[in-house]
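J.: Structure in structure tokens, see below.
Only the coordinates and a few stated rules stand behind these numbers; no lab work does. Keep in mind the model is a prediction, meaning the values are calculated, not measured. Neighbour counts run over all protein chains shown; Cβ positions are idealised from the backbone, glycine included.
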Amino acid sequence: MHDTSKVALNVKKILCFALLRGQPARLPGSKAIGWDFGVFEMPKILDGVAIAAAIKLEVAEEVRALTAQGIRPGLAAVLVGNVAASEIYVRSKVQTCADLGLYSELITPPDSVTTEEMLDLVAKLNGRDDIDGILIQLPLPKQVDTKALLDAIDPAKDVDGFHPVNAGRLQAGRPALAPCTPAGVIEILKRSAIPISGQHAVVVGRSDIVGKPAAMLLLHQNATVTICHSKTRNLGEITRQADILVAAIGRPGFIKPEMVKPEATIIDVGINRLTTREEFDRFFAGDAKREATFAKRGSTIVGDVHPRAFELSSAYTPVPGGVGPLTIAMLMANTVRAARMRRGL
Ligand SMILES: NC(=O)c1ccc[n+]([C@@H]2O[C@H](COP(=O)([O-])OP(=O)(O)OC[C@H]3O[C@@H](n4cnc5c(N)ncnc54)[C@H](OP(=O)(O)O)[C@@H]3O)[C@@H](O)[C@H]2O)c1
């Protein structure tokens with residue numbers, strides 16, 4: 001068969017397959033056929049590792065300049081008990097401080113610590129001039145009143161951005177320490193030159209840590225924002241209107257291809273660990289690279305977006321390697337920002 005006829009046949013097959021599946025199909029090579037049978041590009045992978053590295057370089061530069069003026073930004077990281085995942089997170093935060101030249105202190109109260117003892121610790125850290133940021137790794141043991149503790153942190157040192165004063169300032173559009181993960185989402189969009197202004201951003205999830213602040217930050221960037229949650233009716237109808245779709249749900253692969261508008265930008269905040277073969281096959285059957293990771297570690301992670309949904313997008317954050325790396329980078333940036341703001345710099 002002549003080469004061009006072969007190509008035409010392949011295109012036809014793909015179109016038919018697309019119609020049968022009721023989904024857009026991807027042509028071999030760099031183009032794909034969309035719902036309207038227009039042609040669109042392969043999705044761009046938004047590389048969170050590279051973006052986080054660039055932010056860390058900038059932070060290190062700022063730390064050098066401040067240190068030269070006699071101000072070395074400092075972070076106190078409080079890790080209660082022996083929760084393995086928390087230990088890994090906190091140690092990597094402390095290590096990143098060292099890498100970027102920030103001062104850091106790891107404080108490790110025992111699992112039996114009381115609310116009063118923790119409040120006392122926070123009061124001491126609030127009063128220290130060498131500490132610009134206070135991070136209390138969550139979750140805390142049951143006997144500790146987490147809200148009381150987070151509210152006791154000096155808002156000027158609240159580098160996680162969880163204090164109601166910072167939440168209020170963020171909403172009012174005043175200078176605030178914004179939560180790190182949502183701030184990272186904005187950095188990814190901006191540094192990837194993805195327009196936000198005038199776009200319809202749909203945020204699925206309304207937690208105080210991710211969903212709400214992400215929506216507020218997108219609003220401040222002039223997006224038209226819709227926030228969805230577990231009681232939202234016709235969720236797919238709403239997510240299909242998104243130019244920018246932010247998934248912060250905590251449910252593996254929850255956003256399916258049919259919930260995505262072709263050419264949307266997808267930001268997948270979710271981190272869900274898959275440990276069983278059945279779960280693995282639901283998302284990654286036939287993916288040799290994932291298979292190797294799964295065989296080696298006995299687990300792999302998937303976001304809140306089904307991997308097949310990414311195929312429809314114009315750009316997306318992978319999991320892992322998308323939003324995740326930004327969280328620590330933004331924590332470092334917040335600590336330096338807190339050091340400046342506290343001194344009126
Ligand atoms: N990349 C990072 O560094 C980073 C940082 C933080 C979190 N995360 C990940 O991000 C995800 C979300 O975290 P989170 O702390 O925001 O979780 P969360 O506090 O559990 O909030 C989940 C949100 O999703 C909504 N939701 C749950 N089921 C839903 C459904 N069927 N339909 C629509 N909405 C639904 C919930 O709605 P309701 O409010 O109605 O219950 C809630 O608002 C998790 O996977 C977490 O691991 C990643």
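J.: Can you classify region 179-327 as rounded, prolate or oblate using the Cα gyration tensor, where a ≥ b ≥ c are the square roots of its eigenvalues, rounded means a/c under 1.5, and otherwise it's prolate if a/b beats b/c and oblate if not?
T.: Numbers: a/c = 1.81, a/b = 1.62, b/c = 1.12.
Because a/c hits 1.5 or more and a/b exceeds b/c, region 179-327 counts as prolate.
J.: Can you give the net charge of the other residues whose Cβ lies under 14 Å from the Cβ of A223, counting K and R as +1 and D and E as -1? Can you show the working numbers first?
T.: Numbers: positive: K190; negative: D243.
Overall, the nearby charge balance is 0.
J.: Right, here's the next one. For the pair T224/R273, report the inter-label distance in nm, with labels modelled 7 Å from Cα in the Cβ direction.
T.: The two pseudo-label positions are separated by 4.2 nm.
J.: How would you classify region 251-306 from its alpha-carbon gyration tensor, with a ≥ b ≥ c the square roots of the eigenvalues: rounded for a/c under 1.5, else prolate if a/b is greater than b/c, otherwise oblate? Working shown, then result.
T.: Numbers: a/c = 2.27, a/b = 1.98, b/c = 1.15.
It comes out prolate by the Cα gyration axes.
J.: Sum up the charges of everything whose Cβ sits under 10 Å from the Cβ of L79, counting Lys and Arg as +1 and Asp and Glu as -1, but leave L79 out.
T.: On the way: positive: R91, K93; negative: E87.
That sum, taken over residues with Cβ under 10 Å, equals +1.
J.: So if I take the centroid of the Cα atoms in region 37-80 and the same for region 295-345, what is the distance between those two points in Å?
T.: Their Cα centres are 10 Å away from one another.
J.: Let me ask something else about it. Run through the DSSP bridge list for region 179-327 and note the antiparallel percent, rounded to the nearest 5. Intermediate results must be reported in sequence, preceding the final value.
T.: On the way: 3 of 19 bridges.
Taking every DSSP beta bridge within region 179-327, about 15 percent pair in antiparallel fashion.
J.: Going by how many other Cβ atoms sit within 10 Å of their own, how do Y89, Y316 line up, fewest first? Mind dumping the intermediate values first?
T.: On the way: Y89 18, Y316 25.
Exposure proxy ranking, most exposed first: Y89, Y316.
J.: Hey, what D do you get for the chain in µm²/s if you plug the Kirkwood alpha-carbon radius into Stokes-Einstein at 25 °C and 0.890 mPa s? If you can, show how the numbers build up before the last one.
T.: Details: Rh = 21.8 Å.
The estimated diffusion coefficient comes to 112 µm²/s.
J.: Provide Rg over Rh for region 73-175; use the alpha carbon set for both Rg and the Kirkwood Rh (inverse mean inverse pair distance). It would help to have the intermediate numbers written out before the result.
T.: Values: Rg = 13.5 Å, Rh = 14.1 Å.
Result: Rg/Rh = 0.96.
J.: Next up: For the chain, what does the helix formula give at 222 nm: sum of -39500 (n - 2.57) over DSSP H segments with n ≥ 4, over the residue count, nearest 500 deg cm²/dmol?
T.: On the way: 13 runs with 154 residues, N = 345.
Dividing the helical sum by the residues of the chain leaves -14000 deg cm²/dmol.
J.: Extension gain A172-I45, at 0.36 nm per residue separation less the Cα-Cα distance, in nm?
T.: So the extension gain works out to 42.4 nm.
J.: To the nearest 0.05, what FRET efficiency results for Q241 and S112 with a Förster distance of 41 Å applied to their C-beta separation?
T.: Values: r = 50 Å, r/R0 = 1.22.
With R0 = 41 Å, the Cβ-Cβ based efficiency is 0.25.
J.: Compare the Cα positions of L46, T239, N82 along the charge dipole of the chain (+1 at Cβ of Lys, Arg; -1 at Cβ of Asp, Glu; about the Cα centre) and return the one farthest towards the positive end.
T.: T239
J.: Quick check for me: using +1 on Lys/Arg Cβ and -1 on Asp/Glu Cβ, what's the dipole size of the chain about its Cα centre, in debye to the nearest 20? Can you show the working numbers first?
T.: Values: 41 positive and 36 negative charges, 184 e Å.
Its charge dipole is roughly 880 debye.
J.: Arrange the following residues from fewest to most other Cβ atoms within 10 Å of their Cβ: I301, I255. Mind showing how you got there, number by number?
T.: On the way: I301 16, I255 25.
The order, fewest Cβ neighbours first, is I301, I255.
J.: Taking the Cβ of each residue in H306, H220 as the centre, tally the other Cβ atoms inside 10 Å and list the residues starting with the fewest. Let's see the in-between values first.
T.: Numbers: H306 22, H220 15.
Exposure proxy ranking, most exposed first: H220, H306.
J.: Oh, and also: Determine the distance separating the Cα centre of region 219-292 from the Cα centre of region 104-161; give it in Å without decimals.
T.: First find each Cα centre; the distance between them is then 33 Å.
J.: Let me understand region 173-222 better: what is its radius of gyration from the alpha carbons, and its Dmax, in angstrom?
T.: Cα radius of gyration and Dmax of region 173-222 are 10.4, 27 Å respectively.
J.: Now a separate question. Of all DSSP beta bridges in the chain, what percent run antiparallel (nearest 5)?
T.: Values: 8 of 35 bridges.
Just about 25 percent of them are antiparallel.
J.: Using 0.36 nm times the number of residues separating A65 and R233, minus their current alpha carbon distance, what extension gain do you get?
T.: Values: separation 168, 0.36 × 168 = 60.48 nm, distance 5.12 nm.
Contour length minus Cα-Cα distance gives 55.4 nm.
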